[in-house]
Every structure is written in structure tokens, then in C-alpha cells.
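Step one of this worksheet: look at the structure below.
The numbers here are math on the coordinates, done by the rules we state, and not lab data. The shown structure was predicted, so the numbers you read here are calculated from the model rather than taken from an experiment. Note that we place each Cβ from the backbone using ideal geometry, even for glycine, and neighbour counts take in every protein chain shown.
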Amino acid sequence: MGIKTEKEIINQEIAKRLMAVKAQTRGINMKNGATFIVKEEGPEGVKKMEKALKELGFPLKFDKVRSMDFYPAGYLSVFFLLTKKLFGWDDQKIRELCGFAVSASLVVRIYMKFFHSVEKMIKKAPEIWREYFTAGELEFLEHNFKEKYSLVEVRNFDLDKSFCVCMEGFLENITKLTINSKEVHCREIACTFDHYSSHKFLIKWQ
């Protein structure tokens, strides 16, 4: 189980609890994050992040991270919370970061190359999730092309609220690519940190 954190707070206790979550993620997620920091804050931003991770007790050198190796998924939320502390980023900036990861991800690009239709992408969504994470499941519960919305559920995967914000950005941007629309909006309508049994995301487009 993850931890419900206040968005502006990150310390050794919170980091330790997040890193203890029994899930792993591909190193590409951290590398994409570092690339986005360079884009927004310059190379010095990555140095600040590495220093902060070391001070929390979980050192990580981004240039040593191997894209397809697995690392503790807790690094993701620790990373997000540190961007708020170090750079003053808000939730929208985290959405942008995770949206950026869609176009930067080799795994997503491979799937997008071979599965052009929305229907095929929906069927492959659980498989794409498993390429990134060793725990949890992702499923499209509904997809209504006529009414222009989808409902996505993530089960058995809890880090903290910053990861939920990340998923909003990720799902929003992968939908933009899939349906070829720039007017896409995603919001979480159910969350385990608000006493629901799973995370549910509503995606709408024009």
C-alpha cells in the first residue's frame, strides 16, 4: 500500500515508505524525468535532483540508469515530490512531464507503430502496463467513440497522489496520439487515497 502525502512535503520517512512499495518500474521512466528536468531547469536541475535523492538515502545517477532495467517504483513519486520542493513545480507541470514521457518512450512508440486503431490500443493497454510495471493492472472499462470518452481503471497499484496526477498526463497524451486529437482532457474520478477500491480516470476529447 502506498502513502497519502501532502504535495509540498518530502522527507526521509516519506521517501522510505514510498520506496518500500512492492512494485518496480522501467528505468526509462526515470531517464525521461531527467530529460524533462534538463528541458525545464537545465543540467543543474538534474544535479540538484541527484543531490536531493542522495540526502534522502536513495542515491541515483540518471546517466547510469539502464532504460529497460527495473527499479523501485517508489522512485517515481519521490522524484515528483522533489520537483515540487526543488523547483516549485505544480501538478500541471507533473502532468506535462508524464505527457512528455509518452512521446519519449521507446515502448510506447513501438506499440503506436504497430497498433494504429483505438480498438487495438485498448486491447493492448494491459500489456503496455506490464511492460512498465511489475505490479498492478490497467484496463479500459469503457470506450465510447460516439460520446467521445473513455474510462480507465488502475488496480492494485498505490504510490501517492503525485503518481495519480502523472497518470492523468500520461493517459491524456497517449489518447491524443491514438485518436489524433489535440483537445483531450483526463481527470481522476476515483482514487484509493480517497477510500475507493481502485483508481479510475475519465478521458474526454473533442
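Between residue 61 and residue 151, what is 0.36 nm times their sequence separation minus the Cα-Cα distance? Round to one decimal in nm.
28.7 nm
Taking springs between alpha-carbon atoms closer than 10 angstrom, which of 125, 73, 101 fluctuates most in the Gaussian network model of the chain?
It is 125.
Grab the eigenvalues of the alpha-carbon gyration tensor for the range 12-100, scale each by 5, take roots, and send me the semi-axes largest first in whole angstrom.
That gives 18, 15, 13 Å for the three semi-axes.
Taking Cβ-Cβ under 4.7 Å as the only way to count a partner, pick out the unpartnered cysteines of the chain.
Cys with no partner Cβ under 4.7 Å: 164, 186, 191.
If you count, for each residue, the other Cβ atoms within 10 Å and average over each peptide, how do 41-52, 74-85, 148-159 line up from highest to lowest?
Answer by packing, highest mean first, reads 74-85, 148-159, 41-52.
Which pairs, out of 123/176; 93/123; 148/176; 64/124; 22/123; 120/148, put more than 19 Å between their alpha-carbon atoms?
Over 19 Å Cα-Cα: 93/123; 64/124; 22/123.
With no solvent and one equal point scatterer per Cα, compute the Debye intensity ratio I(q)/I(0) for the chain at 0.15 Å⁻¹ and report its log10, rounded to two decimals.
For the requested q values the scattering log ratios are -0.92.
Amide H to amide H, which residues 5 or more places from residue 24 or on other chains are under 5 Å from it, using H placed in the peptide plane?
Those lying under 5 Å, H to H, from residue 24 are 73, 134, 135.
Take the chain, connect every pair of alpha-carbon atoms lying under 10 Å apart with a spring to form a Gaussian network, then pick out the residue of 87, 170, 70 with the largest mean-square fluctuation.
Looking only at 87, 170, 70, the biggest GNM fluctuation is shown by 87.
³J(HN,Hα) across the range 149-163 via Karplus (A = 6.51, B = -1.76, C = 1.60, θ = phi - 60°), whole Hz, x for Gly/Pro?
Each residue's phi maps through the Karplus curve to give 7, 9, 10, 10, 10, 10, 10, 6, 8, 9, 9, 7, 4, 5, 5 Hz.
Once you order the gyration tensor axes a ≥ b ≥ c over the Cα atoms, which shape class does the range 117-205 get: rounded for a/c under 1.5, otherwise prolate or oblate by comparing a/b with b/c?
Prolate is the answer for the range 117-205, as a/c is 1.5 or above and a/b outweighs b/c.
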